[in-house]
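Below: the structure, in C-alpha cells.
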Amino acid sequence: MAHRMLGFVHTEMRMPDKRSAEERRHDFNEIYPGFHQDRAGEQAGRCSQCGVPFCQVHCPLHNNIPDWLRFTAEGRLEEAYEIASATNTFPEICGRICPQDRLCEGNCTIEQSRHGTVTIGTIERYITDTAFEKGWVKPRLPLRERDQSVGIIGAGPAGLAAAEMLRAKGYSVDVYDRHDRMGGLMIYGIPSFKLEKFIVLRRIAWLEEQGVRFHPGTDVGRNITLAELRQRHDAVLIATGVYKARDIRAPGSTLDGIVPALDYLIANNRVGLGDTVVDYESGRLKAAGKDVVVIGGGDTAMDCVRTAIRQGAKSVKCVYRRDRRNMPGSQREVSHAEEEGVELVWQTAPEAFHGDSRVQGMLASRIHLGVVDAAGRQTPQPVPGSEFTLPADLVIKALGFEPEDLPILFGDANLKVTRWGTVSIDFRTMMTSLDGVFAAGDIVRGASLVVWGIRDGRDVAEHIHTYLRRKAQAATANPVATAA
Ligand code: FAD
Ligand code: SF4
Ligand code: SF4
C-alpha cells in the first residue's frame, strides 16, 4: 500500500495535542495524552520509507522503524507491535522518554530536508499502548527450562531487559535491588509527567508473570555479598547504575535547603506512589511557596525544575554555566519547562550561598565561553565583577552522577574499574575481570539513557547465554573436572 506512505509532501508534522502549560503546572500526569488511531496512521504515513533509514541507524536499538510505520499507516497494528517489540523490551517507555530529537527523529531524512520529522517516538508509544489495551502483550515464556541460574544486581532498564531475555531462554533469573520497588531510575528518578508509574509497574508484573523473581530491599554489599551471589548463581550481572551525586564546592554549600537532585526527585516520586516521606512532609524536599534554584543543564535539572513548578514553587530558575546550544539536556524538555514558567539563566555559575543556617540566596557570576577544549567544548570562564545574587530558599544540585566505589562496596578488589570508577568489561564478551560476572548499563557507560540501558541489557543477555552454554557443555564433556 505504497500510496499510504510518502505523506510528508501533503501532510504536516503533528504531535499529539499537548495539554496546556497552565493545566500541566497543577498535576503530574503526562503532558501528551497520546495519538488517536486516525492521527497515528496519518502521521506514520508521512514516512518516505528510505532505502537507508537514518532513523534506524541512529536508534540505539536499531529498531525497524520504517516497517512499523508502514504497518501503522495501513492499520495493521498487531504486526506493527510484533516488529516494534522484536528489538525493544520496553517500546512504550522509549516512545515516551527517549530524547528523540537527538536520536531517531533528529536524523529522520524528512526532518533533514526541513519537512518536519516523522513523529517516531509517539507512534512507537501508540503501537505498544494499543497492544496492551488489546491484550497482545504476553510474557515470553521459555520453550524449555534450563538448570542454570543468573543473579542480576539492579532492576533498572539494563537489568530488566537482560532478565527478560535470559528468562525467555529458560534460565532461572533472580533480580536483586536495594530499593523497595523495581524499575531503577524509571520508577524513582524520572518524574511521572514524563513516564507515568503504572507503565513501569505494568512491566514489572509482566516480568513476574514470565517467572523472573524479584528481591526488593536487597542491597548487595550490605545485605549480601557479591561472593555469596557468585556461589548462588552460575552467572551474575552487575547493572547498578550510577548514583554518587557530583557536589558543589563553594562557601555555604552545606547550608540547610541545599539538596541533591535525586533525593528531591525520589521523594516526589514516592509521594506520587502513595508513600509517606518524612522529608517531604517536613518541607525539606518540597518546593511549595519557595524560591527554587536548580543548578545544572541536563535532563535531571529539567525534571527538578518542572517538579518544583508542579509542587507550587513561588519562582523556579535553572542556572547553567553554558548556553542553550551547549546544554546536555533535550531541547524539547527545555521548551516544556519554559512553557510551564521556568526561567533559564544561561552562562551563569554559583559562587557562594548565603544564609544563617538555612540558605536564603545564591551568589552567582556570569560566564564567558572561552577557547575550545580537547573535548571540543568552549571552556566556561567567570566574568570578573559580574556577580549578582539570586533569592533562593531551596537549591537543588543537579550536576550529574558518578559510580559508587564498587570494589569496596562489593568487597572484591579484583573487580576492575576504570579511572572514572565505571566497571571495566571486555567489550567482546561484556564480562568483568571476575569470571562469570558481567556488567551493563550506566555502571559501564557512565550516566546515559534508558534506551542504551535496554540495548546493553539485551546484548549482555546474549553474552551470558554463550558463557553458560559453554559452561554447561564443559560440564557434560568432563563432569569430574567440573565438579572438582
Ligand atoms: P538504573 O536505572 O540506575 O538502575 C540501577 C538499579 O540498581 C537501581 O534500581 C538501584 O537501586 C540498583 N542498585 C544500585 N546499587 C545496588 C546495590 N549495591 N545492590 C542492589 N541494588 C543496587 N534517560 C532517558 O532515556 N530519558 C529520560 O528522560 C531520562 N531522564 C532521567 C531523569 C533523571 C532524574 C535521571 C537521574 C536519569 C534520567 N535518564 C533518562 C537516564 C536513565 O534513567 C538511566 O540512563 C538509566 O535508568 C540507566 O539504567 P541502568 O539500568 O543502568 O541503571
Ligand atoms: Fe527512537 Fe528511542 Fe524508539 Fe529508538 S527506541 S526509535 S531512539 S524513540
Ligand atoms: Fe521514514 Fe524518516 Fe526513517 Fe526515512 S528516516 S524511513 S522518512 S522515519
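Structural remarks
- Cβ-Cβ FRET estimate between R445 and R284, R0 fixed at 35 Å, reported to 0.05: 0.65
- Axial C-alpha extent at least 15 Å, average Kyte-Doolittle at least 0.0 - helices from the chain (DSSP): 77-87, 157-168, 197-210, 261-272
- Apportionment of accessible area to carbon and sulfur, the chain, percent (1.4 Å): 50 percent
- Among the GluC sites (Glu not before Pro) within the range 122-196, those in coil by DSSP and having at most 16 neighbouring Cβ atoms inside 10 Å are E145, E196.
- C318 - accessible surface, heavy atoms, 1.4 Å probe, Å² rounded to 10: 0 Å²
- The loop-placed GluC sites (Glu not before Pro) in the range 1-54, going by DSSP, that have at most 15 neighbouring Cβ atoms within 10 Å of their Cβ come out as E12.
- Diffusion constant of the range 376-464 at 4 °C, which comes from Stokes-Einstein with the Kirkwood Cα-pair radius and 1.567 mPa s, µm²/s: 80 µm²/s
- Ordered from highest to lowest accessible area with the whole protein assembly present and a 1.4 Å probe, S113, S315 read as S113, S315.
- Here the Kirkwood formula puts the hydrodynamic radius of the range 7-134 at 14.6 Å, using every distinct Cα pair.
- Peptide packing: for 147-154, 79-86, the average count of neighbouring Cβ atoms within 10 Å per residue gives the ranking 147-154, 79-86, highest mean first.
- Were the residues from A250 through E145 laid out at 0.36 nm apart, the gain over their Cα-Cα distance would be 32.1 nm.
- Our analysis of the range 294-398 gives Rg over Rh at 0.98, with the two radii drawn from alpha carbon positions and Rh computed by the Kirkwood formula.
- For the range 65-134, trypsin sites (Lys or Arg not before Pro) meeting the loop criterion (DSSP other than H, G, I, E, B) and having at most 16 other Cβ atoms within 10 Å: R76, R114.
- Solvent-accessible area per residue, Å², over the chain with all protein chains present [probe radius 1.4 Å]: 44 Å²
- Flagged links, alpha-carbon separation over 20 Å, of K18/K317; K290/K397; K194/K314; K138/K194: K18/K317; K194/K314; K138/K194
- Alpha-carbon spread of the chain, three principal axes, descending order, Å: 75, 62, 47
The values are calculated or read from the model by the stated rules, or taken from the named source; none is laboratory data. Note that the structure is a prediction, hence the values are computed from the model and not measured. Cβ coordinates were reconstructed from backbone atoms using ideal geometry, including for glycine residues, and neighbour counts include every protein chain displayed. We work out accessible area using only protein heavy atoms, side chains counted, and drop any ligands, DNA or RNA first. Shrake-Rupley method; radii C 1.70, N 1.55, O 1.52, S 1.80 Å.
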